[in-house]
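Heads up: the structure comes next, in structure tokens.
Where a number appears in this text, it was derived from the coordinates with a stated rule and is not lab data. This is a predicted model, so every value here is computed, not measured. No Cβ is skipped: glycine too gets one built from the backbone with ideal geometry, and neighbour counts run over all protein chains shown.
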């Protein structure tokens, strides 16, 4: 029997379920025509769970750590975006970019530049999708980490908590049209999603 790689660093009983729910939410927000192009998953972790559970013609991944193993069909770039908030891709290269459970790990001072890079690398009509814990859920996540339900390693690295209006502000600063942005909650309002079209 083959063991599924961990969806996150560290261990937490609920991590596989939470990764699956994030992947389902992101997949539901990506229209079929975009899947014939390229996707970039930023902050995918050492095992690109979402990319392994979605269809795209070409898949790219960025994380600050190298992968534990080779992932066929995924082009990997090791890059610390907190240090270097630029993407090593041509303009209008991707049809979709995802940041799933990653913006809370990024320096808020770099986030405008990172979202600007996302905007630059998306084709017209391309889409960015973000998921992040709701700002109110910080204490809940620390409690869950203490109980071993979520990865303590991941929770300790949360730098900042966001609200949906604040994510909208970052989208706007990067150039996204707020008329083409949508926002919502999932996982009993403990997590948020935001999507914007270029």
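From most to least packed by mean Cβ count within 10 Å, the peptides 25-31, 66-72, 83-89, 96-102 give 96-102, 25-31, 83-89, 66-72. Taken along its three principal axes, the alpha carbon spread of the range 1-115 comes to 42, 32, 25 Å, from the longest extent down to the shortest.
Sorting 137-146, 45-54 by their mean Cβ neighbour count within 10 Å, with the most densely packed peptide first, gives 45-54, 137-146.
Return the inverse of the average 1/r over all pairs of distinct C-alpha atoms in the range 130-198, which is the Kirkwood hydrodynamic radius, in Å to one decimal.
Values: mean 1/r = 0.0769 Å⁻¹.
After inverting the pairwise mean of 1/r, the radius is 13.0 Å.
Each label point was placed 7 Å from the Cα along the Cα-to-Cβ direction; for residue 55 and residue 186 their separation is 1.9 nm.
Scaled to the globular estimate 2.2 N^0.38 Å, the Cα spread of the range 62-116, given as radius of gyration, is 1.19. Here is the P(r) of the range 15-197: all C-alpha pair distances, binned every 5 Å from 0, give 1, 8, 18, 22, 23, 17, 8, 2, 0 in whole percents.
Distance between the modelled labels on residue 84 and residue 11, one decimal in nanometres: 3.5 nm (7 Å Cα→Cβ projection).
Ranked by how many other Cβ atoms sit within 10 Å of their own Cβ, fewest first, the residues 41, 63 fall in the order 63, 41. Taking a spot 7 Å from the Cα of residue 107 along the direction of its beta carbon, which residues of the range 156-172 have an amide N less than 14 Å from it? Answer for this model: 159-160. Taking the DSSP bridge list for the chain and keeping only pairs wholly inside it, about 40 percent are antiparallel. Distance from the Cα centroid of the range 27-53 to that of the range 102-124 is 16 Å (rounded to whole angstrom). In this simple spin-label model, placing a label point 7 Å from the Cα along the Cα-to-Cβ direction at both residue 142 and residue 92 gives a separation of 4.8 nm.
Over the residues of the chain, the helix contribution to mean residue ellipticity at 222 nm works out to -8500 deg cm²/dmol, using -39500 (n - 2.57) for each DSSP H run of at least 4.
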